[in-house]
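We did not get these values from a lab; they are worked out from the coordinates using the rules stated. No experiment lies behind these values; they were computed from the predicted model shown.
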Amino acid sequence: MEQSVLETSKLLVERATALIPKLRERAEEMEKIKRMPEDTLNDLKESGILRILRPQIYSGLQLNMRAFTECLTEISRGCGSTGWFVSLTNIRDYMIAFAFKQEALDDIFASMDKDIILAGNFKPTKIEIKRVEGGYFIEEAQWPFVSGCLHADWGYFGFPIADEDGNMEMAIMVVPRHEMEILDDWHVMGLRGSGSNSVRVKNIFVPEHRVSLDRLASKGLYTSKQLKDIPLYQTSFVPSLTLSIVGPALGMAKAAMDIHMERVSKAGIGNTFYSKMNEAPITHWQIAQAQLKIDSAELHLYRAVDKMDAYAQMGKTMDTAEIVKVKADFGYVNQLCKEAIDLLVEGAGSVFAYDKNPLQRVYRDFMALHLHGFITASSLIETYGRVLCGQEPNSYFV
């Protein structure tokens, strides 16, 4: 008998939780090599955690956004970079299933290898492309922040294209790994282990069936007949992409709390009579405030995720107001997690300055996520306020 979504989800979350000690042990190595250690990659593949959002017809688990988020939280609690990799690897399975026709999916999964990995980015820093018979010819193009590209089998990239009237719009393409050149430019403060290098392609042909127009893809107009009625691939596109960016935040905030709580019963507070931090009222206040913010972030996160799943299960489309509200929830999650981590850092003491300090690593990883334009709290919350006040959203990404 096949396992239910809930049973499979519970099993995957247990596997993700079991990986936390290993991920923390490997975090320093990961920062040095700027990619997933092979042991970590193998653990993720064997656990099934990289196949949560992949269609079953391509050896995926085809679960839902709740299962994705719960697993992601546990992995991110172990390591922020690994959480980021897991999040974007999974969401690309959802994206290509949502945004490409059957022929393109068959190309990608032709080997039926259940561990195929995709990496990509929407906005190129350089693009020289022209329409040719049967598709497109790219003379040269480059994309930054292609997380997980060092482990990828296929690339997923956005690019501008002229329509019949000469107006520019965005399109999406998929490119096999052997046509991609990975640049050694991932020298950063946080999420070092995510391997988010830039990718360049030169003089390649992309057949028509591997290209989708963003305005049509975001509405699910390319989704194949085999996948169209599956709830996961009816999940609202824009909130799902936003979730993939904010998703690791809660796990990172929980990691910061784990690390700080290990220290409060051992270390004192300098220039005071407190030999242990956990004896001091200021510590009590900081930890309580931080925990309440983490709890609040969790409530907002799962309120939004459960709403996405509920709409998908009913086969209903979220309207603009609901999408804006869900995105505001995600922005608020980002804000609350930042506030919680800041409170814990205030009590960390001077040891926080060391690069090897695990709380510093969490902080750096979180800040790299926190500043991503998709989840800027002020922007997402402002847009929500505009809609509540009867104004049009001030963003095209809804």
**Request:** Using a Gaussian network model of the chain whose springs link C-alpha atoms within less than 10 Å, name the residue from K266, K101, K22 with the highest mean-square fluctuation.
**Result:** K266
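Report relative contact order for the stretch 229-382 in percent, whole number only (criteria: Cα-Cα under 8 Å, sequence separation at least 6). Display every interim value, and only then the final one.
Details: 172 pairs, mean separation 56.9, N = 154.
Averaging sequence separation for qualifying contacts and normalising by length gives 37 percent for the stretch 229-382.
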**Request:** Please give every one of the lysines within straight-line cross-link reach of K316, meaning a C-alpha to C-alpha distance under 16 Å, and leave out same-chain neighbours fewer than 8 residues apart.
**Result:** K219, K228, K307
**Two-decimal log10 I(q)/I(0) for the chain, as the Debye equation yields it once each C-alpha is a single scatterer, q = 0.11, 0.13 Å⁻¹** = -0.80, -1.11
**Message:** Across the stretch 254-307, what fraction of all alpha-carbon pairs, as a whole percent, falls in each successive 5 Å bin from zero upward?
**Reply:** 4, 18, 23, 19, 13, 9, 7, 5, 2, 1
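Explain nothing, just the number: relative contact order of the chain, from Cα pairs under 8 Å at least 6 residues apart, as a whole percent.
Working: 718 pairs, mean separation 66.4, N = 398.
In percent, rounded to a whole number, it is 17.
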**the chain - mean residue ellipticity at 222 nm from DSSP helices (-39,500 (n - 2.57) per run, n ≥ 4, rounded to 500)** = -16500 deg cm²/dmol
**Asked** Averaged over all directions, how much area does the convex hull of the C-alpha atoms of the stretch 118-196 cover when projected, in nm²?
**Response** 5.9 nm²
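As an exercise, find the ratio Rg/Rh for the stretch 5-112 from alpha-carbon atoms, using the Kirkwood inverse-distance average for Rh. Before the final figure, lay out each step's value.
Details: Rg = 14.1 Å, Rh = 14.2 Å.
Result for the stretch 5-112 is an Rg/Rh of 0.99.
As a test, work out the antiparallel percent of DSSP beta bridges whose residues both lie in the chain, rounded to the nearest 5. Show your work: numbers first, answer last.
On the way: 29 of 33 bridges.
Rounded to the nearest five, the antiparallel share is 90 percent.
Quick check for the stretch 5-112: number of Lys pairs with alpha-carbon distance under 30 Å, counting only pairs 8 or more apart or on different chains?
Qualifying lysine pairs in the stretch 5-112: 8.
Using just the Cα positions, wrap the stretch 237-388 in a convex hull and report its mean projected area in square nanometres, one decimal place. Please list the in-between numbers first.
Values: hull surface 39.6 nm².
Its average projected convex-hull area is 9.9 nm².
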